[in-house]
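Take a look at the structure below.
The values are calculated or read from the model by the stated rules, or taken from the named source; none is laboratory data. Note that the structure is predicted; figures quoted are calculated from it, not measured. A quick note on method: Cβ atoms are made from the backbone with ideal geometry, for glycine too, and the neighbour counts reach across all protein chains shown.
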There are 2 protein chains.
Amino acid sequence: MSSPTRNRTERAILEAAASVLARDRAATLPQIAQAAQVGRTTLHRYFPDREKLLIAAAERALEAMDEAMMQAGADQGTPREAMHRVVAALCSTSDQIMFLWGDKCMLTEVIPRAAPHLSTDQDPVIDLIRRGQAAGDFDVEVGAEWIQQVLWGICYTAFEQVEAGTLAKHEVVPTVIRTLERGIAAD
Amino acid sequence: MSSPTRNRTERAILEAAASVLARDRAATLPQIAQAAQVGRTTLHRYFPDREKLLIAAAERALEAMDEAMMQAGADQGTPREAMHRVVAALCSTSDQIMFLWGDKCMLTEVIPRAAPHLSTDQDPVIDLIRRGQAAGDFDVEVGAEWIQQVLWGICYTAFEQVEAGTLAKHEVVPTVIRTLERGIAAD
DNA sequence: CGAAAATGGAACTTTGCAGTTCCACTTTTG
DNA sequence: CAAAAGTGGAACTGCAAAGTTCCATTTTCG
């Protein structure tokens, strides 16, 4: 069932799917196949129907983000420094985030089926936020979940600006961190 | 072409469309018609095809937001106080914002056709942000456009949390303002 | 009240994408 | 090199939603 060739093809399809669907959630399967440089027949061979493709792509995107979070070392160093690394890591997986976040159905319908094992309890980012709140670095007047949503939301906003051409890629990390840490207030 | 009856029906259709499409952008026309308490035939009579309905709904949503901004008096009082009123006004038009922002295609494809007259230059929110930057209230290290996007993004994030049931409606305005003004930092 | 306007149910046709099948072709691998 | 694995073009079918048409019924208003 699995061979080097099949693995490479499957990977290409899932990455293309996330990338295309991140930009147009109504993209057709032929569009995705083309982006993956694969025939429509091959796409259907790997993923019999659209829903299975979505679930697999969501699974893969979650894995990629999990890996990025691990490498960011959310539990290392001071909360502020760790958060900087987390933001940088999130920005390196912008396609995945835009794919997962771009559609409300994705998080409410697909992800539960794709990764029922994931829950807030074991999320390293939530842990980091709680650690930062306990250490007096992050706001304790709002919930850790809200801070996480804001983190994702600001990253998402920044990615959209990059897509629109109104924000340079190299400005994303510093801009997001600045806004995250001080909001829109002046010095 | 226009009568009291027609106006009321059209208005009901457009508001229902924005409300339904905000929560499910793949909603079918029968679904929208039902939400508007109108027959499918009537819906088609008012808006011959889906695209015309989308454009009209976007136009109306933009108008409603414009009106809300006017009433907020973005050019009155101190920038901070004005921003508080703007946030409150945005929160009162959450359906419109979720509709307009929920789909990337909406802003890039529909709105240019719906309201080609709108531009950043005459946007009262941008004016307010620039005024606040000049007065030393808002961050000048980032562009006024970025601040506007963050404002919308945080509001959108909050609305999603309300939909998900993880944030109470009455908490939206204070939470958004707090995060907007200080980010996630502790005191 | 009665004419005009507006509505909506129902039964269509059209359209576009999803999913299937078949077979020739190419690449991998023992 | 030859068998096996993988690929993709093309021509299907199936289906759900879009859009159309017709007509009986209800609502509005002079």
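The figures follow:
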| read-out | value |
| --- | --- |
| Pair list, Cβ < 6 Å and 6+ apart or interchain, from region B:40-56 residues that are more than 10 Å from DNA strand D (Cβ to nearest atom) to residues that are in a helix (DSSP H, G or I) and at pLDDT below 95 | B:I55/B:V110; B:I55/B:R113; B:I55/B:A114 |
| Hey, B:R6 near DNA strand D (Cβ under 8 Å from one of its atoms) and either assigned to a helix (DSSP H, G or I) or farther than 18 Å from B:D95 by Cβ (or both) or not | no |
| Single match in B:V140, B:V87, B:V162 (criterion: within 12 Å of chain A (Cβ to nearest Cβ), touching a Ser or Thr at 6+ places or on another chain (Cβ under 9 Å), β-branched (V, I, T) and under 30 Å from A:P79 (Cα atoms)) | B:V162 |
| Residues of region B:164-185 classified as in contact with a strand residue (DSSP E or B) (Cβ under 6 Å, 6 or more places away or on another chain) and aliphatic (A, V, I, L, M), total | 1 |
| Residue match in region B:64-76 (condition: farther than 20 Å from B:F138 by Cβ and in contact (Cβ under 8 Å) with a residue 60 or more places away in the chain) | no |
| Qualifying residue in region B:154-174 (condition: in contact with a Gly (Cβ under 6 Å, 6 or more places away or on another chain) and without any contact (Cβ under 8 Å) to a residue 24 or more places away in the chain) | yes |
| So A:T41, is it farther than 30 Å from A:R178 by Cα and surrounded by 18 or more Cβ atoms within 10 Å (Cβ to Cβ) | no |
| Test for A:V150: is it within 24 Å of A:A22 (Cβ to Cβ) and more than 9 Å from every other protein chain (Cβ to nearest Cβ) | no |
| Condition met for B:A22 (more than 13 Å from DNA strand D (Cβ to nearest atom), within 14 Å of chain A (Cβ to nearest Cβ) and of a type outside the set (S, T, N, Q)) | yes |
| Qualifying residue in region B:53-70 (condition: within 14 Å of chain A (Cβ to nearest Cβ), in a helix (DSSP H, G or I) and surrounded by 18 or more Cβ atoms within 10 Å (Cβ to Cβ)) | yes |
| Test for B:L151: is it within 12 Å of the chain's Cα centre (by Cα) and at pLDDT 95 or above | yes |
| Residue under evaluation A:R85, criteria (1) of a type in the set (K, R); (2) surrounded by fewer than 15 Cβ atoms within 10 Å (Cβ to Cβ); (3) more than 12 Å from DNA strand C (Cβ to nearest atom), criterion not met | (2) |
